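Before I ask anything, let me first share the structure, which is written out below as structure tokens.
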Ligand SMILES: [Zn+2]
């Protein structure tokens, strides 16, 4: 059992307590209140100079893209993908994804993220990396179409889904068809059937660029979102990344079907894809979460930075400072993301909920004063202000040192593999 004594706590987007004790038993928070009972605690953390809050949730990333950080800059999306990213990805091995994911997980934890969504090559390597470091995650089995192979592909996806599910209680497995422009309509139908069978989350890129929507409409006379709705694909299990180029009708369709939208503004701006109409999403009451996307197009994994940009864009685009309150931004950063990824007892600090929390020092200049602690988090705090990270009741980082893996070894192995990858 862990006791965090006399800590200031942001319990959720609306609640802040000045000085409480938090007790963690096994994977869960067992007590929040005044004067926790004396007990045989395995660890007591003096919280008098700390603020506890729920860990952050990143709902869209490709973790092992750490290999491509800064590799292709200032080029068009087409060149970025076809000249730089795809050729390198052809040579990614299991070991590369494993160490690339570990490096990404270290960066994520050091910037306050406790739950992450991923889909990429070698999902079994991603699972191993997240399990070893002790992170919560939803890992997608990624796939795209190949001519005449759709039936075989979906069978292979189901096999991998079943093989990886249940290996780690913190990790859920999901289906991750890449996007409607790389996955055939047939394979999208198979995906819908498989989702109904296994009940998982589905991660997909939707309406990221103007070109993909225009091309789709030329071929099929409707938008990808309209098509997906017509086959019954869209529901509350779908996490749609990007949604930059959407019509009013698309927004209504997303709302009607309860789809989660993962906003990734840094990636969209960096690749020149445009800006999602966040203000219209808010007006329509869409379910919003936030993601970083891979670091090849961001170029870091701080989801705190991403939500700050979401909030500034909502206000800037609408020319309305009331658009996206601090409360809503905090939900987007924490509990919304958790729910989107299928974790219903994560994202708020509450007795009986999972002990996924971060501790931030109160005496850092950017945390002084605290007229509104939530505002300090959304607008002032630096991602590396995070001091200690607990996931599923386990201390993963303490005083900025990662305890579960050796950070220096990971960086060394990563650099070795990177030099091999670049030689290819
Ligand atoms: Zn992506």
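The values are calculated or read from the model by the stated rules, or taken from the named source; none is laboratory data. Source: prediction; values computed, not measured. Don't worry about glycine lacking a Cβ; one is built from the backbone with ideal geometry, like all the others, and counts go over all protein chains shown.
Considering only residues that are buried (at least 19 other Cβ atoms within 10 Å of the Cβ) and within 16 Å of the ligand (Cβ to nearest atom), which ones fall in the stretch 182-205?
183, 201, 202, 203, 204, 205 - these are the residues of the stretch 182-205 that are buried (at least 19 other Cβ atoms within 10 Å of the Cβ) and within 16 Å of the ligand (Cβ to nearest atom).
Among the residues of the stretch 227-250, which ones are closer than 12 Å to residue 287 by Cβ and not in a loop (DSSP other than H, G, I, E, B)?
Of everything in the stretch 227-250, those that are closer than 12 Å to residue 287 by Cβ and not in a loop (DSSP other than H, G, I, E, B) turn out to be 238, 239, 240.
Check every one of the helices (runs of 4 or more DSSP H) wholly within the stretch 257-365 and list those with 2 or more residues that are in contact with a helix residue (DSSP H, G or I) (Cβ under 6 Å, 6 or more places away or on another chain) and closer than 28 Å to residue 3 by Cβ. Reasoning before the result, please.
Numbers: elements: 265-270, 278-284, 303-318, 326-333, 335-340.
Where helices (runs of 4 or more DSSP H) fall fully within the stretch 257-365 and carry at least 2 residues being in contact with a helix residue (DSSP H, G or I) (Cβ under 6 Å, 6 or more places away or on another chain) and closer than 28 Å to residue 3 by Cβ, they are 326-333.
Let me ask something else about it. Of the residues that make up the stretch 132-145, is at least one out of contact with any helix residue (DSSP H, G or I) (no Cβ under 7 Å at 6 or more places or on another chain), part of a helix (DSSP H, G or I) and surrounded by 15 or more Cβ atoms within 10 Å (Cβ to Cβ)?
yes
Let me ask another. Identify all residues within the stretch 171-189 that are in a helix (DSSP H, G or I) and either touching a strand residue (DSSP E or B) at 6+ places or on another chain (Cβ under 9 Å) or at pLDDT below 95 (or both); write none if there are none. Please lay out each step first, then the result.
The initial filter retains those residues of the stretch 171-189 that are in a helix (DSSP H, G or I), namely 185-189.
Answer for the stretch 171-189, where residues must be in a helix (DSSP H, G or I) and either touching a strand residue (DSSP E or B) at 6+ places or on another chain (Cβ under 9 Å) or at pLDDT below 95 (or both): 187, 188.
Whether any residue in the stretch 73-81 is under 20 Å from residue 265 (Cβ atoms) and in contact with a helix residue (DSSP H, G or I) (Cβ under 8 Å, 6 or more places away or on another chain) is what I want to check. Show your work before the answer.
To start, the set of residues in the stretch 73-81 that are under 20 Å from residue 265 (Cβ atoms) comprises 73-77, 80-81.
Going one step further and asking which of them are in contact with a helix residue (DSSP H, G or I) (Cβ under 8 Å, 6 or more places away or on another chain), we end up with 75, 80.
Yes; the residues of the stretch 73-81 include at least one that is under 20 Å from residue 265 (Cβ atoms) and in contact with a helix residue (DSSP H, G or I) (Cβ under 8 Å, 6 or more places away or on another chain).
Could I ask something else about it? If you scan the stretch 236-256, which residues turn out to be within 16 Å of the ligand (Cβ to nearest atom) and more than 17 Å from residue 191 (Cβ to Cβ)?
Quick first cut of the stretch 236-256, residues within 16 Å of the ligand (Cβ to nearest atom) only: 238-245.
242, 243, 244, 245 - these are the residues of the stretch 236-256 that are within 16 Å of the ligand (Cβ to nearest atom) and more than 17 Å from residue 191 (Cβ to Cβ).
What's the total number of residues in the stretch 9-22 that are crowded, with 21+ Cβ neighbours inside 10 Å and in a strand (DSSP E or B)? Full working, then the answer.
At the first step, the residues of the stretch 9-22 found to be crowded, with 21+ Cβ neighbours inside 10 Å are 9-10, 13, 20, 22.
Now restrict to residues that are in a strand (DSSP E or B): 9-10, 20, 22.
Number of matching residues: 4.
Hey, does the stretch 99-111 have a residue that's within 13 Å of the chain's Cα centre (by Cα) and farther than 26 Å from residue 165 by Cα?
yes
May I ask you to list the residues in the stretch 298-329 that are more than 16 Å from the ligand (Cβ to nearest atom) and more than 23 Å from residue 10 (Cβ to Cβ)?
313, 316, 317, 318, 319, 320
How about the stretch 351-369: which of its residues are crowded, with 16+ Cβ neighbours inside 10 Å and touching a strand residue (DSSP E or B) at 6+ places or on another chain (Cβ under 8 Å)?
Of the stretch 351-369, the ones crowded, with 16+ Cβ neighbours inside 10 Å are 353-360, 362, 364, 367.
Of everything in the stretch 351-369, those that are crowded, with 16+ Cβ neighbours inside 10 Å and touching a strand residue (DSSP E or B) at 6+ places or on another chain (Cβ under 8 Å) turn out to be 353, 354, 355, 356, 357, 358, 359, 360, 362, 367.
If you go through the stretch 269-297, how many residues are crowded, with 23+ Cβ neighbours inside 10 Å and either closer than 13 Å to residue 61 by Cα or more than 14 Å from the ligand (Cβ to nearest atom) (or both)?
Looking only at that region, the number is 11.
Mind checking which residues of the stretch 109-131 are in contact with a helix residue (DSSP H, G or I) (Cβ under 8 Å, 6 or more places away or on another chain) and in a helix (DSSP H, G or I)?
Scanning the stretch 109-131 gives 109, 110, 123, 124, 125, 126, 127, 128, 129, 130.
Follow-up question, since we're still on this one. Could you check, for the stretch 334-343, whether at least one of its residues is more than 15 Å from the ligand (Cβ to nearest atom), more than 27 Å from residue 106 (Cβ to Cβ) and at pLDDT 95 or above?
Checked the stretch 334-343: no residue is more than 15 Å from the ligand (Cβ to nearest atom), more than 27 Å from residue 106 (Cβ to Cβ) and at pLDDT 95 or above.
Go through (1) surrounded by fewer than 18 Cβ atoms within 10 Å (Cβ to Cβ); (2) in contact (Cβ under 8 Å) with a residue 40 or more places away in the chain one by one and return the number of the condition residue 315 breaks.
Condition not satisfied by residue 315: (2).
Checking the conditions here, which among 215, 168 is touching a helix residue (DSSP H, G or I) at 6+ places or on another chain (Cβ under 6 Å), more than 15 Å from the ligand (Cβ to nearest atom) and at pLDDT 95 or above?
Numbers: 215 fails: touching a helix residue (DSSP H, G or I) at 6+ places or on another chain (Cβ under 6 Å).
The unique qualifying residue is 168.
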